[in-house]
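First up is the structure itself, then whatever we jot down about it.
The values are calculated or read from the model by the stated rules, or taken from the named source; none is laboratory data. All values reported here derive from a predicted model rather than from experimental measurement. Every residue, glycine as well, gets a Cβ built from its backbone with ideal geometry; the counts of neighbours run over all protein chains shown. What goes into the accessible areas is simple: the full protein's heavy atoms, side chains included, and nothing from ligands, DNA or RNA. Shrake-Rupley method; radii C 1.70, N 1.55, O 1.52, S 1.80 Å.
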Amino acid sequence: MTDSVYQNYIDNAFVASEALIEVYNPANGQLLGRVPESPGEQVERAIAAARKAQQGWAAKTAIERAGYLRQIAAKVRANADRLARLIVQEGGKVPGLAQVEVNFTADYLDYMAEWARRLEGEVLTSDRANEHIFLMRKPLGVVAGILPWNFPFFLIARKMAPALLTGNTIVIKPSEETPLNCFEFARLVAETELPAGVFNVVGGKGASVGHGLSSHAGVDLVSFTGSVATGARIMAAAAPNITKLNLELGGKAPAIVLADADLALAVKAIVASRVINTGQVCNCAERVYVERKVADAFIDKVAQAMAATRYGDPSLQADLDMGPLINQAGLDKVAQMVRTATGQGAQLVTGGKVADLGAGFHYQPTVLAGCKADMEIMRKEIFGPVLPIQVVDGLDEAIALANDSEYGLTSSIYTRDLNAALKACREIDFGETYINRENFEAMQGFHAGARKSGIGGADGKHGLYEYTRTQVVYIQG
Ligand code: NAD
């Protein structure tokens, strides 16, 4: 691909910016394109355009708004191969996963459009004669969507589809690591009939443009997906305006493997968790608690599967299991965490090194056994292809260790015992729990985290209603 210069998308116009951010392929260092580091004035214009458009947009019927989402979904499908190639290049994803991301994004836009005829208020019984009490759902106004780099294309839809369907307008800021797909998305939106100002994209870094959006009095909801540290900064920036927040933050998902589990299933799902997107997925298993009786067999099988992982540059080779980490900082962090863990007594079963492929941020698929609860590798998000394993003596110990975490996004358990599964449902304190299945959420579910993993959630009915507020109306007859 040739180096392209992208422009902001504000009020249905492409707006050039002098300052630019360069975007590189993390697998090989190739320059892919440049996007705006937006000046404050363009951020202001985008918010003003979204504000100006919002009432007219909300005045349309929900089914009309849904029609525009369907138009965009059709554009995404028609351009799926090209978009997937770009996602491979800028994010280091393998082609199969990039294709899944693009298809899922189109399906998500259509899924949210289906809610047009299902948005509901409530009518309550009054204490007074001849009185009706209505609970009406109203849009919030202008949404700022701030995106991470790990599923950057899908995250556009996860924020804009529920926002627009419920009558909000939006300003999106993609991650500076993977912004190109978002600017391509804006080009597709520009080919539809979506009214001016309803959907805007501004490029830039977090500390400048991200902060500008989060601290702006003209924004009614900041919908953010990213790290806990950034989530805390956004809360502080939003606090003076009491701006509503929806925060989807980091995870440290525990996987509990009991002695009666289908080991082949557990191995397959847990290994996939560390390999998919090179382990850079918020909901994937990041630490394992395996029951002593099956620990040796489990570790052996996991190590074999991890060692067999094919990795490299996915823009050159299609049949890989994983690509590089997103950047040098991500690679350094993974390498440092593995060094610290082995220094604290964890045993390296396979991997454990930066993979020298000539270029790119590659790390060997790694398994660490003999891990202990207080090790950094069992407590902090790794975001890389590394699996730390701790042996436990039963479900109670596993649940206690799983819950003892600052994160509370997803969790999983592998067992054939119905009572154990139900006990885990009751006692495990996480937003999402997968039982005998891989870590991957459904669009009709509810993706939300406990503790520092976030505030509010996404997907399904409950995710949709995050983009509304409730107005109560008392009508005395
Ligand atoms: P990040 O927090 O570094 O950046 C995310 C976005 O925030 C980027 O667009 C960045 O420019 C912006 N940003 C940075 N500083 C900012 C500031 N001061 N004010 C406003 N915006 C700012 O996260 P990342 O590295 O892009 O993504 C990885 C993290 O995202 C991981 O922790 C992962 O677990 C999390 N994540 C969570 C979910 C979820 O659904 N819970 C999904 C995907 C990723």
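With respect to the conditions (1) within 30 Å of residue 309 (Cα to Cα); (2) free of Cβ contacts under 8 Å to residues at least 60 places away in the same chain; (3) crowded, with 18+ Cβ neighbours inside 10 Å, residue 81 falls short on a single one, namely (3).
Would region 344-360 turn up any residue that is on the phi < 0 side of the Ramachandran plot, surrounded by fewer than 15 Cβ atoms within 10 Å (Cβ to Cβ), in contact (Cβ under 8 Å) with a residue 12 or more places away in the chain and touching a Leu at 6+ places or on another chain (Cβ under 9 Å)? Scanning region 344-360 turns up at least one residue that is on the phi < 0 side of the Ramachandran plot, surrounded by fewer than 15 Cβ atoms within 10 Å (Cβ to Cβ), in contact (Cβ under 8 Å) with a residue 12 or more places away in the chain and touching a Leu at 6+ places or on another chain (Cβ under 9 Å). Restrict the check to region 180-200 and report whether at least one residue is over 27 Å from residue 63 (Cα atoms), assigned by TED's automatic domain parsing to the domain that holds residue 136 and open to solvent by 10 Å² or more (accessible area, probe 1.4 Å). No, because not a single residue in region 180-200 is over 27 Å from residue 63 (Cα atoms), assigned by TED's automatic domain parsing to the domain that holds residue 136 and open to solvent by 10 Å² or more (accessible area, probe 1.4 Å). Every condition in (1) farther than 29 Å from residue 229 by Cβ; (2) in a helix (DSSP H, G or I) holds for residue 464 except the one numbered (1). Please specify each residue of region 119-141 satisfying the condition of being in contact (Cβ under 8 Å) with a residue 60 or more places away in the chain and either within 16 Å of the ligand (Cβ to nearest atom) or open to solvent by 80 Å² or more (accessible area, probe 1.4 Å) (or both). Matches in region 119-141: 128, 130, 132, 137.
Which residues, taken from region 148-174, are outside any helix (DSSP H, G or I), of a type outside the set (Val, Ile, Thr) and either more than 8 Å from the ligand (Cβ to nearest atom) or open to solvent by 10 Å² or more (accessible area, probe 1.4 Å) (or both)? Even if it seems obvious, please write down each step before you answer.
Initial filter on region 148-174 (outside any helix (DSSP H, G or I)): 148-151, 166-174.
Remaining after also requiring of a type outside the set (Val, Ile, Thr): 148-151, 167-168, 173-174.
Within region 148-174, 148, 149, 150, 151, 167, 168 meet the criteria.
Of the strands (runs of 3 or more DSSP E) lying entirely inside region 207-317, the ones with 1 or more residues being assigned by TED's automatic domain parsing to the domain that holds residue 174, over 19 Å from residue 440 (Cα atoms) and more than 13 Å from the ligand (Cβ to nearest atom) are found at 221-225, 244-248.
Restricting attention to region 412-453, the residues being touching a helix residue (DSSP H, G or I) at 6+ places or on another chain (Cβ under 8 Å), assigned to a loop (DSSP other than H, G, I, E, B) and among the acidic types (Asp, Glu) number 2.
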